[in-house]
């Protein structure tokens, strides 16, 4: 297996494990994605959120209803356009994103605990290269911060 294939396989396996960690606390990939988008990009109108998540507006409306029922998001009047509303995280939603992120980082920390300094530096550099390219080619709007 060449390096690219090995990294690809590692990313696929790690993504599956990270999704499992979310499932353990009741978060589907779609729910976490919406909550994380609101956390890192801020409140959004339904249409913006639907475009950001790559779903139709009716699909996003259904998703937001479910998140509202769970007290994870709330719709409030758009401060820039009184005719519309924006979706924002509630304190409970923000805490859930924080908890999910912390669980995933803890798992990665456990995995990396055995690395020596040289391996850690090499992995950090490789992660930065992959992250930069992913953000550049995906046209990502917001990069997650270290503090989350």
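FYI, it's all coordinate maths here, none of it is from the lab. All values reported here derive from a predicted model rather than from experimental measurement. With ideal geometry, Cβ positions are generated from the backbone for all residues, glycine too; neighbour counts draw on all protein chains shown.
Values computed for the structure shown
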item	result
Where N is the number of residues in the chain, Cα Rg divided by 2.2 N^0.38 Å	1.19
Ascending count of other beta-carbon atoms within 10 Å, so fewest first, for 8, 40	8, 40
Efficiency of FRET between residue 7 and residue 75 - r from beta-carbon atoms, R0 41 angstrom, step 0.05	0.50
The chain, relative contact order in percent, only Cα pairs under 8 angstrom and at least six apart counted	22
Stretchable slack from residue 15 to residue 117, in nm (0.36 nm times residue separation minus alpha-carbon distance)	34.2 nm
Rounded tilt (10° steps) of 57-69 against the dominant C-alpha axis of the chain	90
Residues in the range 26-45 that a label on residue 106 would reach, taking backbone N under 15 Å of a point 7 Å out along Cα→Cβ	26
Rounded tilt (10° steps) of 3-24 against the dominant C-alpha axis of the chain	50
Ranked 33, 56, criterion: other C-beta atoms within 10 Å, fewest first	56, 33
Residue with peak Gaussian network fluctuation, the chain [Cα springs, cutoff 10 Å], from 15, 36, 50	15
Rounded FRET efficiency, nearest 0.05, which uses the C-beta distance separating residue 56 from residue 85 and R0 of 25 Å	0.90
Acute angle (nearest 10 degrees) that the helix 117-138 long axis makes with the longest principal axis of the chain, alpha-carbon atoms	40
222 nm mean residue ellipticity, helices alone, for the chain (DSSP H n ≥ 4; -39,500 (n - 2.57); rounded to 500)	-22500 deg cm²/dmol
